[in-house]
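Notes to accompany the following structure.
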Amino acid sequence: MNVWRFLGASTVALWLIPEVRGFTEGSMFSHMLLQFPLLIISGACISGYVPQCFHQAWAKVDLMGLTSAVFASCVGTYWMIPAALDAALINPWADLVKYASWWCSGLVLFSAWERLSSAVRLFFFGNAAWMLASVGMLYLDAESRLCVNYRFDEQYATGVGLIINAVVMGMLAIVVRKSVDPG
């Protein structure tokens, strides 16, 4: 059995365990900075289960990987909204949409990675870093809780984590760009 297929099956199965979901959704910090990236990775891992005809059909509408990058950016933007995060915790349908949208983001990004030029990768990584930093500063500067399901101190810690993540992501995008395009 292919390693990616095994990882894909096990990562999807992992999210069906209530204790795992409870752990990652138990704090705002782990919900946004642990669960979301793991769901993207999980989506990339399940690409081995998706029929090749999907990847071929998707490539036809995914000009240079732009459709995938825009889709993933929209998913990331939506789930940074505090009300969306709250909805995922109290509404099973919103939670299902959260899982499906992050998995699909990982799936299409994995499928499109080779089609993305280094300049486009840099643009979208930079944009994601900017968004994370902006949301992190919003969480830090807010004088009241933005998510009703999480405490104010969790919001503050998440803001710090988002800003640190944004700095790391921005630096990584520049380093990867330099190593791919040393010009």
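The values are calculated or read from the model by the stated rules, or taken from the named source; none is laboratory data. Just so you know, these numbers come straight off a predicted model, no measurement behind them. As a convention, Cβ positions derive from the backbone with ideal geometry for all residues, glycine included, and neighbour counts pool all protein chains shown. Just so you know, the surface numbers come from the protein's heavy atoms only, side chains and all, with ligands and any DNA or RNA stripped out. Shrake-Rupley method; radii C 1.70, N 1.55, O 1.52, S 1.80 Å.
The table below gives the values:
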item: Test result for GLY106, among the small types (Gly, Ala, Ser), within 26 Å of MET28 (Cα to Cα) and part of a helix (DSSP H, G or I); result: yes
item: Some residue of region 26-45 being more than 27 Å from GLY161 (Cα to Cα), in a helix (DSSP H, G or I) and either under 15 Å from the mean Cα position of the chain (by Cα) or modelled with pLDDT of 90 or more (or both); result: no
item: Qualifying residues in region 128-165 (those that are over 19 Å from SER27 (Cβ atoms) and surrounded by 18 or more Cβ atoms within 10 Å (Cβ to Cβ)) - the one modelled with the highest pLDDT; result: ALA133
item: Tally, over region 46-58, of residues that are in a helix (DSSP H, G or I), of a type in the set (A, V, I, L, M) and within 21 Å of the chain's Cα centre (by Cα); result: 1
item: Count of residues meeting criterion [surrounded by fewer than 20 Cβ atoms within 10 Å (Cβ to Cβ) and in contact with a helix residue (DSSP H, G or I) (Cβ under 7 Å, 6 or more places away or on another chain)] in region 37-56; result: 6
item: Hey, GLU143 at negative phi, part of a helix (DSSP H, G or I) and of a type in the set (D, E, K, R) or not; result: no
item: The lone exception for ALA88 - which of (1) surrounded by fewer than 19 Cβ atoms within 10 Å (Cβ to Cβ); (2) of a type in the set (A, V, I, L, M); (3) on the phi < 0 side of the Ramachandran plot it fails; result: (1)
item: Residues of region 110-127 that turn out to be part of a helix (DSSP H, G or I), open to solvent by 30 Å² or more (accessible area, probe 1.4 Å) and farther than 19 Å from ALA166 by Cα, as a count; result: 4
item: Contacts under 9 angstrom Cβ, first residue in region 48-59 being within 14 Å of CYS104 (Cβ to Cβ), partner in a helix (DSSP H, G or I) and among the β-branched types (Val, Ile, Thr), 6 or more apart; result: TYR49/VAL12; TRP58/THR67; TRP58/VAL108
item: When residues of region 8-25 are limited to those that are open to solvent by 50 Å² or more (accessible area, probe 1.4 Å) and outside any helix (DSSP H, G or I), the one modelled with the lowest pLDDT; result: LEU16
item: Selection within region 104-137 - within 23 Å of ASN91 (Cβ to Cβ) and not hydroxyl-bearing (Ser, Thr, Tyr); result: CYS104, GLY106, VAL135
item: Hey, TRP79 open to solvent by less than 30 Å² (accessible area, probe 1.4 Å) and within 20 Å of ASN127 (Cα to Cα) or not; result: yes
item: Tabulated pairs, region 81-103, first touching a residue at least 12 places away in the same chain (Cβ under 8 Å) and closer than 24 Å to ALA142 by Cα, second basic (Lys, Arg) and open to solvent by 20 Å² or more (accessible area, probe 1.4 Å), C-beta under 9 angstrom, 6+ apart or interchain; result: PRO82/ARG145
